[in-house]
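Before any comments, here is the structure.
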Amino acid sequence: MSLSEMMGRHEGTKKGSSSAGRAAMWLLLPPLLVLVVLKTDFLPQVARFRETRFMKDTDEMVHTVPYTGFDNARWQQDPHDPEAVKDYNQQNQILATNGPKDSSSINSDMEAAVSKLTCNFSNPHSDICTMEGDLRIHGKSATVYVVAASTHRPENSTFIVRPYTRKWEQETMSRIREVTMRSLPLAFSFIIPPKCTVRHDVPAVVFSTGGCGGNFFHAMSDLIVPLYITSREYNGRVQFLITDYQPQWVAKFRPILSALSMYPVIDFDADTAVRCFPSAHVGLESHNKMLGIDPSLSRHGYTMMGFRDFLRYVFSLQRPWVEPISRSAGQQKPRLVMVLRRHSRELTNEAETITAMEDLGFEVVAARPEDVSDMGHFAGVVNSCDVMVGVHGAGLTNMVFLPHNGTVVQIVPWGDMKWACWYDFGEPVPGMGLRYVEYEVTAEETSLKEKYPRDHPVFTDPQSIHRQGKAWATFLNGQNVTLDIDRFRAVMHQVFQSITTE
């Protein structure tokens, strides 16, 4: 017999015979309540909810207020300006963006719209959860509550995602904060979601900058391209929440972030607000490519050429295409930017190499590490060039700023590195609308010949070094390159011929 049936019978008994019945029923109530607690795991949930220290529950409604007065231009100049952030928070203490005054779904689970939560854990690069409906996000506890979810299943109501796109690398992913999605049922739940303190009328995207974003290649491949795939469709009306927040990363990529979202990014880990969103992505879409987009996997058919057009817009780059240059006297020379490294994979004869390129007819721009630190400025330099040359490394990622039909020449270090180098910078090139040329360093051109005898596995069996897990230390961080000028000149002569006309 259910508790409600017992109560119904109790209320239906005659007054004269109710004393014994009431006594028996109240004796049964404590065991039944204990059973409810044990079966629903109510006590631990309540304890965990209290531990998050959300604001005290009141009956006061959270009202919508108009979004006015935020100085977005000031934030774009400096997203860490305390006054700009303070202004944003004050203007939007209750609401970050415009929206109707409807607080029913905030404070009443019974009246909340039906929500949905879907997670995809099959992508080898990233896990991603998408959700819509009554969503309540609390950054400080890294928890997303999906209230009144039609997709709720008691046996599978909690999902955990580390929102970064290198999930095959355990060491990298160990640095990424976990975000928990809690799906709550349509009917009554013993887990009481926190009340909203801020309500947004735009989608949210939650991702981490705690991986390898300090490296320009990884920043673009692991974060910026996936962020573009995930958020471009919203035309700026999307809110970014960043966990493992890196201020230097946000500052460097501020122009791109501002072009994808018209709102200041939120430091997810430090955010004590409970934010309501109509929909959200936790994690970024990745198409299992380095620096790549697969149009067949993109909901809106995005391409890497489109992404590069987007970058051209962001940085006001002037050249969309490389036009053939006449080799006749008086015409402008084709420009070649040579990305130069220091400490490892350095060109030890870079001056001689530059002279040889100039003798072929190129106007050479030497780009040393100090020259590429300002991304906006260097994007303009690269866009003014027809060809980019460099030894394998993150600097080649700047090829995203070349005009369409430009040429990338990758110098592949010694050590059976051809496939790995092609995978990072060769495979993405056709999708970008660029041309790819490869120059493989020989045993005579590597500084490793000064460290190891010629009968060492470094020369006789480079793959054995790979199998030992020493390829990075030996072939990437452990060698410099002295180009065979005549051999390299022959390759670059073909490049010169391909981009010029009689």
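For region 357-374, taking the residues that are touching a Leu at 6+ places or on another chain (Cβ under 8 Å) and part of a helix (DSSP H, G or I), the one that is most open to solvent (accessible area, probe 1.4 Å) is identified as PRO369. The residues of region 182-209 that are at pLDDT 95 or above, polar (S, T, N, Q) and in a loop (DSSP other than H, G, I, E, B), listed by number, are THR197, THR209. Is it the case that region 345-363 has a residue that's closer than 29 Å to VAL250 by Cα, among the aliphatic types (A, V, I, L, M) and modelled with pLDDT of 95 or more? No - not one qualifying residue is present in region 345-363. Taking the conditions (1) open to solvent by 10 Å² or more (accessible area, probe 1.4 Å); (2) under 23 Å from ARG308 (Cβ atoms) in turn, ILE354 satisfies each one other than (2). Being open to solvent by 70 Å² or more (accessible area, probe 1.4 Å) and more than 17 Å from TRP419 (Cβ to Cβ) is a property that GLN479 lacks. The residue pairs whose first member lies in region 353-373 and is of a type in the set (D, E, K, R), whose second member is open to solvent by 50 Å² or more (accessible area, probe 1.4 Å) and not in a strand (DSSP E or B), and whose beta carbons are closer than 9 Å, counting only pairs six or more residues apart or on different chains, are GLU358/LYS333; ASP359/ARG489; GLU363/GLN332; GLU363/LYS333; ARG368/ARG341; ARG368/ARG342; ASP371/HIS377. Is one or more of the residues making up region 320-331 assigned to a loop (DSSP other than H, G, I, E, B), of a type outside the set (A, V, I, L, M, F, W, C) and in contact with a Gly (Cβ under 6 Å, 6 or more places away or on another chain)? No, that holds for no residue.
Between GLN479, GLN410, the distinction of being part of a loop (DSSP other than H, G, I, E, B), at pLDDT 95 or above and touching a strand residue (DSSP E or B) at 6+ places or on another chain (Cβ under 9 Å) belongs to GLN479 only. Among the residues of region 375-406, which ones are in a loop (DSSP other than H, G, I, E, B), closer than 14 Å to VAL339 by Cα and either touching a strand residue (DSSP E or B) at 6+ places or on another chain (Cβ under 7 Å) or free of Cβ contacts under 8 Å to residues at least 12 places away in the same chain (or both)? Of everything in region 375-406, those that are in a loop (DSSP other than H, G, I, E, B), closer than 14 Å to VAL339 by Cα and either touching a strand residue (DSSP E or B) at 6+ places or on another chain (Cβ under 7 Å) or free of Cβ contacts under 8 Å to residues at least 12 places away in the same chain (or both) turn out to be CYS385, ASP386, HIS392, LEU402.
Looking at this structure, is ALA270 touching a residue at least 60 places away in the same chain (Cβ under 8 Å) and either within 26 Å of LEU297 (Cα to Cα) or of a type in the set (Gly, Ala, Ser) (or both)? Here the answer is yes, as ALA270 does meet what is asked. Out of region 252-294, which residues are surrounded by fewer than 22 Cβ atoms within 10 Å (Cβ to Cβ) and touching a His at 6+ places or on another chain (Cβ under 7 Å)? Within region 252-294, ASN288, ASP294 meet the criteria. Residue-level check: of (1) more than 16 Å from the chain's Cα centre (by Cα); (2) in contact (Cβ under 8 Å) with a residue 12 or more places away in the chain; (3) not in a strand (DSSP E or B), VAL146 misses just (3). List the residue pairs whose Cβ atoms are under 9 Å apart, where the first residue sits in region 279-303 and is without any contact (Cβ under 8 Å) to a residue 40 or more places away in the chain, the second is of a type in the set (Asp, Glu), and the two are 6 or more positions apart or on different chains. Filtered contacts from region 279-303: LEU297/GLU285. Taking region 418-451 as the range and being surrounded by 15 or more Cβ atoms within 10 Å (Cβ to Cβ) and of a type in the set (Ser, Thr, Tyr) as the test, the residues that pass are TYR436, TYR439, THR446, SER447.
Of all residues in region 380-391, exactly one satisfies the criterion of being of a type in the set (Gly, Ala, Ser) and surrounded by 21 or more Cβ atoms within 10 Å (Cβ to Cβ), namely GLY390.
Scanning region 149-160 for residues that are in a strand (DSSP E or B), surrounded by fewer than 24 Cβ atoms within 10 Å (Cβ to Cβ), in contact (Cβ under 8 Å) with a residue 24 or more places away in the chain and of a type outside the set (Phe, Trp, Tyr) yields a single hit, THR158.
The values are calculated or read from the model by the stated rules, or taken from the named source; none is laboratory data. The model shown is predicted, which means the values in this text are computed figures rather than measured ones. Glycine also receives a Cβ, built like all others from the backbone with ideal geometry; neighbour counts cover every protein chain displayed. Calculation scope for accessible area: heavy atoms of the full protein, side chains included, ligands and nucleic acids excluded. Shrake-Rupley method; radii C 1.70, N 1.55, O 1.52, S 1.80 Å.
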